[in-house]
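Read the structure below first, then the notes.
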């Protein structure tokens, strides 16, 4: 209802209207160790476009189109730059008046139940006796601890707070994956982050020239792109090729950016072949030529190498695919050149000088901040997940089963999540343990943790949690932000 039939017939008006009723709200705090916007905040200087269309980036009450018309005089494109979306989300919290609830640069290191905290001698009131709750602490379910970064890592100020309930909205992209077992993978010329490879778009520096200042609300604290702190890659067409490892969208973004700068690229990717039929096809295979021409063009190049078509290398000057190859070693030669030793699909070992290496093979979840009972509430046991005894990092991986409907001009990605979570109620999004030993405080999981990997699905999780809080606290069953179906 928020965006009716958006895949097949975009542009239809929302069936929702929104009215803020802050006097009915709950006291809450949103903690994040980065800037407002989460993973999007890291794309403030990206010159890549989003996979989704602009209307699917909308949040309630103040849409992306509203933001664009207030800050630009040009017509927005169907697929916006990721840097624009990042700034939209940062400005959004000010435009709708919720900025006070956000606490960026706040790293959570511990989430523990109040019961365990009191047993360990912790009490916010200083009135704990023999592990019994004081009158004030008895109202809360959890203790949340961590650090607030002020002016750099050297100034980390510890904090602790009590919470009646905790909502996990951390996403699944916490830490980049490594190949593992590769000598030199920690070398200074190796990156596991797309943001280290994709430099900012210089055109964004002058974005204020296209603003309509008279349309910007005076009460909003608007933000605009600034140049990144790190220098741009000092690579050119004359450089040694840049090696990219990966078959997904991040690897594709890096390759597209490097080729646009004229930098030659070596690309290691997986593709099903007669020798390795078990490998999955890249999700780029689902990209329509008309909707996602840049991804479709790259996939055609990859497929030519995978199928052994003649003259592939000559046809793709500046790009060379290494199908199902693997990295053996990364090191600097005596003359300072960056060297990569690889093994191809047939077992031949060879070395190549490179300008740099980008290993973009996905990301994994890190929920090590959940301790004790809080961890047991929502994370599956080692036996349930077949984890090693000493592995305390739970991982969730996206398996792409990508399809595109012939009747749709949009890309439809069917994400199946292999989750480390125990059962999460599909209506309240509350963690549900198979067998409860005692009445437990409320712990929720929303967003990518439950398979809702796109912004367009974010409303469902938030409304589900709010519905459960309404039932629990015995207040009105009406939403704190009233949603009226037209």
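The values are calculated or read from the model by the stated rules, or taken from the named source; none is laboratory data. What you see is a predicted model, and the numbers here were worked out from it, not measured in a lab. Reconstructed Cβ throughout: ideal geometry from the backbone, glycine too, with neighbour counts over all protein chains shown.
A few remarks follow.
- Residue list for region 141-164, restricted to those being in a loop (DSSP other than H, G, I, E, B) and modelled with pLDDT of 90 or more: 141, 164
- None of 244, 256, 172, 197 is under 30 Å from residue 469 (Cα atoms) and either in contact with a helix residue (DSSP H, G or I) (Cβ under 7 Å, 6 or more places away or on another chain) or at pLDDT below 85 (or both) except 172.
- In region 272-283, residue surrounded by the fewest Cβ atoms within 10 Å (Cβ to Cβ) [restricted to those that are within 25 Å of the chain's Cα centre (by Cα) and assigned to a loop (DSSP other than H, G, I, E, B)]: 280
- Test: residue in region 69-91 that is touching a strand residue (DSSP E or B) at 6+ places or on another chain (Cβ under 9 Å), buried (at least 17 other Cβ atoms within 10 Å of the Cβ), within 27 Å of residue 147 (Cβ to Cβ) and modelled with pLDDT of 85 or more: yes
- Candidates 94, 105, 110 - the one that is on the phi > 0 side of the Ramachandran plot and either buried (at least 19 other Cβ atoms within 10 Å of the Cβ) or touching a residue at least 60 places away in the same chain (Cβ under 8 Å) (or both): 105
- Selection of strands (runs of 3 or more DSSP E) fully inside region 311-377 by the criterion of at least 3 residues being closer than 18 Å to residue 263 by Cα and at pLDDT 90 or above returns 319-323, 338-343, 349-354, 356-359.
- Residue in region 337-347 that is surrounded by fewer than 19 Cβ atoms within 10 Å (Cβ to Cβ), in contact with a strand residue (DSSP E or B) (Cβ under 7 Å, 6 or more places away or on another chain), under 26 Å from residue 179 (Cα atoms) and touching a residue at least 24 places away in the same chain (Cβ under 8 Å) present: yes
- Residue 302 vs. criteria touching a strand residue (DSSP E or B) at 6+ places or on another chain (Cβ under 6 Å), outside any strand (DSSP E or B) and crowded, with 18+ Cβ neighbours inside 10 Å: yes
- Search result, residues across region 2-57 that are modelled with pLDDT under 80 and on the phi > 0 side of the Ramachandran plot: 5, 11
- Residue 427 being at pLDDT 85 or above and surrounded by fewer than 14 Cβ atoms within 10 Å (Cβ to Cβ): yes
- The lone exception for residue 230 - which of (1) modelled with pLDDT under 60; (2) in contact with a helix residue (DSSP H, G or I) (Cβ under 8 Å, 6 or more places away or on another chain); (3) over 27 Å from residue 333 (Cα atoms) it fails: (3)
- Taking region 21-137 and the helices (runs of 4 or more DSSP H) fully enclosed by it, the elements with 2 or more residues that are touching a helix residue (DSSP H, G or I) at 6+ places or on another chain (Cβ under 7 Å) and closer than 19 Å to residue 447 by Cβ are at 82-95.
- Condition met for residue 223 (under 25 Å from the mean Cα position of the chain (by Cα) and modelled with pLDDT under 90): yes
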